[in-house]
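For reference, the structure discussed in these notes is given below.
Where a number appears in this text, it was derived from the coordinates with a stated rule and is not lab data. What you see is a predicted model, and the numbers here were worked out from it, not measured in a lab. We place every Cβ from the backbone using ideal geometry, glycine too, and count neighbours over all the protein chains shown.
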Amino acid sequence: MNPSRGFSLIEVLISLFIFSILIILFQSVMQSSTLVIIEKNRVVALSIVQDEIEKVRANGYEALPVNGTFQNSLLDNLPSATASITSSAYDAQTARITARVLWQDTNSISSSTIFISTLLTKTGGLP
């Protein structure tokens, strides 16, 4: 008998099946790593706005912030990030403070925003 040269159809099909499984696994790993980066950015942004809101609360109503941008060392960890704070009248005795962080998502043309709002009163509580 002559030994056949080359691969049989079954060998080729099994090879293609194994290769396709490997490609699917690789794609899943790549997609999950992108999601991890996006979630890390959200956690960093949330930390920034929480920190700024806590600073405003600690300073009290008499030291309301001026509308505009603010700096935080964690902003360097976000791609193309900007941070802003706004203060507006809620009623005669209360102000609404909103801290916001905007950044460019990794591998995306869209941007993301996280913000937190709080109320500050002149006296020790809401009416």
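With Cα atoms as the point set, segment 7-80 shows a radius of gyration and Dmax of 24.5, 83 Å. Over the chain, dividing the summed -39,500 (n - 2.57) contributions of all DSSP H runs of at least 4 residues by the number of residues returns a 222 nm mean residue ellipticity of -15000 deg cm²/dmol. Note on ILE18 and ILE116: their simple-model spin labels are 5.3 nm apart, each label 7 Å out from Cα toward Cβ. For log10 I(q)/I(0) by the Debye sum over Cα atoms at q = 0.09, 0.11, 0.17 Å⁻¹, which listed value, (i) -0.31, -0.44, -0.88; (ii) -0.60, -0.71, -1.01; (iii) -0.46, -0.56, -0.90, comes from the coordinates shown? Read-out taken from this structure: (iii).
Spin-label model, GLU54/SER33: points 7 Å from Cα along the beta carbon direction are separated by 3.3 nm. Seen against the Cα atoms of the chain and their longest principal axis, helix 9-59 is set at about 10 degrees.
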